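**Student:** Have a look at this one.
Each value in this text was obtained by applying a stated rule to the coordinates, not by laboratory testing. This one's a predicted model, so the numbers in the text were calculated from it and none came from an experiment. Glycine gets a Cβ as well: all are built from the backbone with ideal geometry, and neighbour counts include every protein chain shown.
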């Protein structure tokens, strides 16, 4: 399962929920027909009946959720989908979830550690790499990121180990 967001609040009185979405663009989270919401360690499917961008966020209506009280029970639940239902990527595109856990090494063979997370900075995405210390490396393909091999589990970077 790939977490795409979280139910963050209520919207109106007819069971709509506010959604904090990690998807880009944010409203593309409602393009998936079924969301899986985690409850007590289990993923429960909910069909998405409708949804849209609302201000800086997203609102949605789920099947079986008809009123504000039912919607309130969903607040703070993670929203996920099965990995295999995500659209295929182009050769130079990657989902963040696929980069987490990969080893990072520079052109000279120095191991930096593994990707533990990514940050969106506005200018470019940044990999959080944990090894002998934490490093923040810009995920700029061609300039700093020379190759990503998902099969081998390795990201090759042009980066000075002293930075």
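**Student:** Taking the beta-carbon count within 10 Å as an exposure proxy, list 150, 137 from fewest neighbours to most.
**Tutor:** Values: 150 12, 137 21.
Arranged by neighbour count, lowest to highest, 150, 137 become 150, 137.
**Student:** Among [x] 150; [y] 130; [z] 228, find the value of volume of the Cα convex hull per residue in Å³ that was calculated from the structure presented, and write down its label.
**Tutor:** [y]
**Student:** Build a GNM of the chain with springs between Cα atoms under 10 Å: which of 122, 15, 57 gets the top mean-square fluctuation?
**Tutor:** The residue that fluctuates most here is 122.
**Student:** Taking the chain as a Gaussian network, where each spring joins two C-alpha atoms under 10 Å apart, which residue of 138, 25, 45 fluctuates the most?
**Tutor:** 25
**Student:** State, to one decimal in nm, how far the label point of residue 72 lies from the label point of residue 28, with both points 7 Å from Cα in the Cβ direction.
**Tutor:** Using points 7 Å along Cα→Cβ, the separation is 3.5 nm.
**Student:** In percent, how large is the relative contact order of the chain, given Cα pairs closer than 8 Å and 6 or more residues apart?
**Tutor:** Over the chain, the number comes to 18 percent.
**Student:** How big is the antiparallel share of DSSP beta bridges in region 96-157, given as a percent to the nearest 5?
**Tutor:** Values: 18 of 23 bridges.
That works out to approximately 80 percent antiparallel.
**Student:** Taking the alpha-carbon centroid of each part, what is the distance from region 113-163 to region 30-57 in angstrom?
**Tutor:** Going from one Cα centre to the other spans 31 Å.
**Student:** Further question on the same structure: Can you give me the relative contact order of region 96-157 as a percent, contacts being Cα pairs under 8 Å and 6 or more apart? All intermediate terms of the calculation are to be shown ahead of the outcome.
**Tutor:** Numbers: 123 pairs, mean separation 18.7, N = 62.
That works out to 30 percent.
**Student:** Turning to a different aspect of this structure: Full-extension gain between residue 128 and residue 100, please, as 0.36 nm times their residue separation minus the C-alpha to C-alpha distance.
**Tutor:** Result: 9.2 nm gained on full extension.
**Student:** On to the next question. In a Gaussian network model over the chain where Cα atoms closer than 10 Å are linked, find which of 63, 120, 27 has the largest mean-square fluctuation.
**Tutor:** Highest fluctuation of the listed residues: 120.
**Student:** Which value in Å is the Kirkwood Rh of region 74-121 over different Cα pairs? Present the calculation step by step, with values, prior to reporting the outcome.
**Tutor:** Values: mean 1/r = 0.0732 Å⁻¹.
Evaluated on region 74-121, it is 13.7 Å.
**Student:** Right, here's the next one. Given that compact globular proteins tend to follow 2.2 N^0.38 Å, what is the ratio of the alpha-carbon Rg of region 96-157 to that value? Numbers along the way, then the final one.
**Tutor:** On the way: Rg = 10.5 Å, N = 62, 2.2 N^0.38 = 10.6 Å.
Relative to the rule-of-thumb radius for its length, region 96-157 sits at 0.99.
**Student:** Also: For region 2-85, calculate the relative contact order in percent as a whole number, restricting contacts to Cα pairs under 8 Å that are 6 or more residues apart. Write down the numbers at each step before the final one.
**Tutor:** Details: 183 pairs, mean separation 34.9, N = 84.
Relative contact order, region 2-85: 42 percent.
**Student:** Separate question: Which ordering of 139, 144 is given by a fewest-first count of other beta-carbon atoms within 10 Å?
**Tutor:** Lowest to highest Cβ neighbour count: 144, 139.
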